[in-house]
Amino acid sequence: SYRGFLFGSLNADVLPLEEYLGDTRQVIDLIVDQAPEGLEVLKGASTYTYDGNWKLQMENGADGYHVSVVHWNYASTMSRRNYEANGTPTVDANGWSKSTGGVYGFKHGHMLLWTRALNPSVRPVFKHFERLSERFGATRADLMVNETRNLCLYPNVYLMDQFSTQIRVVRPLAVDKTEVTIFCFAPKGENAEDRALRIRQYEDFFNVSGMGTPDDLEEFRACQQGYNATNLPWSDMSRGATRWLEGADENAQAMNINPLLSAPRSEDEALYISHHHHWQQTLLRSLNKREVTQ
């Protein structure tokens, strides 16, 4: 386990957990350290399936490019609530692509998407900035409060700290069918007002009945159908390549992480290169072992 999160593997031949997680531990720390008494998983979970490959969900969770378009219904509805109707306030999805952000690709296939929230005051953690600053310093408190993060822990787990807080577990059922189970987590001892806001924000976007998840599932189905086309043998993942940086950029240095690749915009695809390269190398190692044993 690490910081209360339990991990398991069906393969006994694995690295020690902390070595496998590597610098993603720093990102997990940014999530856990917000809660002085630790985190808890809230009651209830949702499980759903989609007709597509499991890697579609893993790519999607760290993709900042699709948010303002695919989730336009959510973005426009939340914008009206935030600024006109005085409903449940939410992180501004309409301005997601306009804010500062970036992506990181790590060793072992892990990925991170981060953005600066345009309206961080709507997040339950916002009112705790002073406490966090006193304990961890202003720079670290700023990362916790004013930045959102989507962390992919390879191969099949996401920790989300953005529109709300979520654990997402992905289970392949077939090459073209995938099961996803989602959980909401929150700080232990959270006051009733913050807890209610967190859950309402979670329901609006993440829940099966929310406005975000159905968009993504239709996107996965359409992508899988499109992959049946055979005219183009490859899927181009070079967006933003002229901006990619090997190693850590300024924000990564502030987070005390050293990714394999950094890119300065949330829509850049640098993170997928290290992600899929790890998948490729894992398959090749397995094939080599099989050939040796035969």
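Read-outs: derived from the displayed coordinates by stated rules, not from any lab. Not measured: the values here are computed from a predicted model. Reconstructed Cβ throughout: ideal geometry from the backbone, glycine too, with neighbour counts over all protein chains shown.
General observations
- Rounded if a/c under 1.5, otherwise prolate or oblate - segment 139-290, Cα gyration tensor axes: oblate
- Gained length - Cys223 relative to Glu130, 0.36 nm times residue gap less alpha-carbon distance: 29.0 nm
- What the phi angles of segment 162-170 give under the Karplus curve with 6.51, -1.76 and 1.60, with θ = phi - 60°, is a coupling list of 8, 4, 7, 10, 8, 9, 10, 10, 10 Hz, glycine and proline written as x.
- Residues of segment 133-152 with amide N under 16 Å of the 7 Å Cα→Cβ point at Asn256: 133-145
- Counting every alpha-carbon pair across the chain, the share separated by more than 37 Å comes to 11%.
- Here's how it looks for Leu118: its modeled amide H is under 5 Å from those of Asp92, which are all 5 or more places away or on a different chain.
- For segment 25-57, the list of trypsin sites (Lys or Arg not before Pro) that fall in a loop by DSSP and count at most 11 other C-beta atoms within 10 angstrom reads Lys43.
- Hypothetical label at Thr181: residues of segment 41-81 whose amide nitrogen lies under 15 Å (7 Å Cα-Cβ projection): 41-49
- In the chain, helices alone account for a calculated mean residue ellipticity at 222 nm of -11000 deg cm²/dmol, with every DSSP H run of four or more residues adding -39,500 (n - 2.57).
- Shape category assigned to segment 32-99 from the gyration tensor of Cα positions, a/c cut at 1.5: oblate
- Shape class of segment 63-159 from the Cα gyration tensor (axes a ≥ b ≥ c, square roots of the eigenvalues): oblate, since a/c reaches 1.5 or more and a/b does not exceed b/c.
- Computed from backbone phi with θ = phi - 60° and the Karplus coefficients 6.51, -1.76 and 1.60, the 3J(HN,Hα) list for segment 237-247 is 10, 10, 4, x, 4, 5, 9, 5, 10, 6, x Hz; x is used for glycine and proline.
- Rounded to whole Hz, the Karplus (6.51, -1.76, 1.60) HN-Hα couplings of segment 177-185, x for glycine and proline: 8, 9, 10, 10, 10, 10, 9, 9, 10
- Residue order, fewest to most surrounding Cβ atoms within 10 angstrom, among Cys223, Cys152, Cys184: Cys223, Cys184, Cys152
- Close Lys pairs in the chain (alpha-carbon distance under 30 Å; sequence gap of 8 or more, or different chains): 14.
- Ranked from largest, the principal axis spans of the Cα set of segment 232-294 equal 49, 35, 14 Å.
- Each residue in Phe136, Phe205 was given a count of other beta-carbon atoms within 10 angstrom of its own, and listing them fewest first yields Phe136, Phe205.
- Axial C-alpha extent at least 18 Å, average Kyte-Doolittle at least 1.6 - helices from the chain (DSSP): none
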